[in-house]
Amino acid sequence: KPCPLCDEAKEVLEPYKRRFILQEIDITLPENSAWNDKYKYDIPVFHLNGKFLMKHRVDIKKFEDQLSKLEFQK
């Protein structure tokens, strides 16, 4: 709060919002201390389908590739 890198990432992902569900986690909340311990210096962090995908900035090529793979599996 505020998180300019998070805002930038959400903007980059906006065109894809109908293809996935974005779940934001505030790692500063006490109930998210495990995430805070793991990622406090690496935000934003992205997981796709429960698996680590990338951190700091959106790698749109990597995101598109992994999202397409998941959609193909369904």
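I'm trying to understand the selection: among the residues of the range 16-74, which are surrounded by 11 or more Cβ atoms within 10 Å (Cβ to Cβ), among the aliphatic types (A, V, I, L, M) and more than 14 Å from Cys3 (Cα to Cα)?
The answer is Leu22, Leu48, Leu53, Met54, Val58, Ile60, Leu67, Leu70.
Tally up the residues in the range 1-51 that are touching a Phe, Trp or Tyr at 6+ places or on another chain (Cβ under 8 Å), of a type in the set (Phe, Trp, Tyr) and not in a helix (DSSP H, G or I), please.
Residues that pass the stated criteria total 1.
Just to verify a result, which residue in the range 6-15, among those that are of a type outside the set (Lys, Arg) and in contact (Cβ under 8 Å) with a residue 12 or more places away in the chain, is most open to solvent (accessible area, probe 1.4 Å)?
Among residues in the range 6-15 that are of a type outside the set (Lys, Arg) and in contact (Cβ under 8 Å) with a residue 12 or more places away in the chain, the one most open to solvent (accessible area, probe 1.4 Å) is Glu8.
Please go through the range 52-74 and give me each residue that is within 13 Å of the chain's Cα centre (by Cα), in a helix (DSSP H, G or I) and of a type in the set (A, V, I, L, M, F, W, C), ordered by number.
Those that are within 13 Å of the chain's Cα centre (by Cα), in a helix (DSSP H, G or I) and of a type in the set (A, V, I, L, M, F, W, C): Ile60, Phe63, Leu67.
Restricting to the range 16-49, what's the tally of residues that are in contact (Cβ under 8 Å) with a residue 40 or more places away in the chain and at positive phi?
Looking only at that region, the number is 0.
The values are calculated or read from the model by the stated rules, or taken from the named source; none is laboratory data. Computed from a predicted model, the values in this text were never measured in an experiment. Neighbour counts run over all protein chains shown; Cβ positions are idealised from the backbone, glycine included. Quick note on the areas: whole protein, heavy atoms, side chains included, nothing else; ligands and nucleic acids left out. Shrake-Rupley method; radii C 1.70, N 1.55, O 1.52, S 1.80 Å.
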